Amino acid sequence: MNLSPPTTEVPEERLIEALREAGLRLTPQRLAICRYLAGSHTHPTPQEIYRALKPEYPSLSLATVYNTLSALVELGAIHALGDAGDDTTHYDADTAPHINLVCVRCHRIFDLPHQAVAELEQEAAEHTGFRIFGARVVYYGLCPDCQRAEAKEP
Ligand SMILES: [Zn+2]
């Protein structure tokens with residue numbers, strides 16, 4: 001199975017457009033958050049985004065990171081994934097149907113694009129009449145790296 005970063009590119013323009021729709025002012029800080037989300041395959045947490053951007057944007061506040069993320073979630077532009085065993089919400093800019101695999105040891109989240117998830121979503125929409133904004137399929141376990149590390153432990 002391939003657990004390498006997904007090939008799906010998330011255009012930052014889509015995220016910026018969502019912020020504009022939400023009526024948020026497009027400050028350099030917010031644009032940088034969009035760029036970071038679009039370029040990240042690590043399912044970042046607000047703290048991670050804040051730490052990564054703070055050196056370049058000294059006026060950035062954690063509150064701006066939070067309110068930008070929540071605006072994007074409300075518009076369905078990104079998904080809030082909940083925590084990865086680390087009590088921190090992770091965010092996913094890839095809204096195409098896929099499975100998230102959460103490692104409960106290193107707290108990384110891997111993506112597995114899966115046709116069945118897309119079909120399930122379509123079926124759910126057809127059977128219920130729902131217009132579906134997003135879906136979250138999460139499996140919890142140990143990633144291959146952590147299984148190897150665990151096997152080496154005395
Ligand atoms: Zn792991």
Sorted peptide list for 69-76, 83-90, criterion being average Cβ within 10 angstrom, highest first: 69-76, 83-90
The chain - charge dipole about Cα centre, Lys and Arg +1 at Cβ, Asp and Glu -1, debye rounded to 20: 480 debye
Farthest toward positive dipole pole in segment 109-154 [+1 Lys/Arg, -1 Asp/Glu at C-beta], among Leu142, His114, Phe130: Leu142
Relative contact order, percent, the chain [alpha-carbon distance under 8 Å, six or more residues apart]: 21 percent
Coarse-grained scattering of the chain at q = 0.10, 0.11, 0.17, 0.18 Å⁻¹, given as base-10 log I(q)/I(0) from a Debye sum over alpha-carbon atoms: -0.40, -0.48, -1.03, -1.12
Relative exposure of Ser40, Ser61, judged by other C-beta atoms within 10 Å (fewest first): Ser61, Ser40
Of all DSSP beta bridges in the chain, antiparallel share, percent nearest 5: 60 percent
Listed peptides 114-126, 98-110 by packing density, highest first (mean Cβ within 10 Å): 98-110, 114-126
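Read-outs throughout are calculated quantities, based only on the coordinates presented, and are distinct from any laboratory measurement. Not measured: the values here are computed from a predicted model. When we count neighbours, we look across all protein chains shown, and the Cβ atoms used for this are built from the backbone with ideal geometry, even at glycine.
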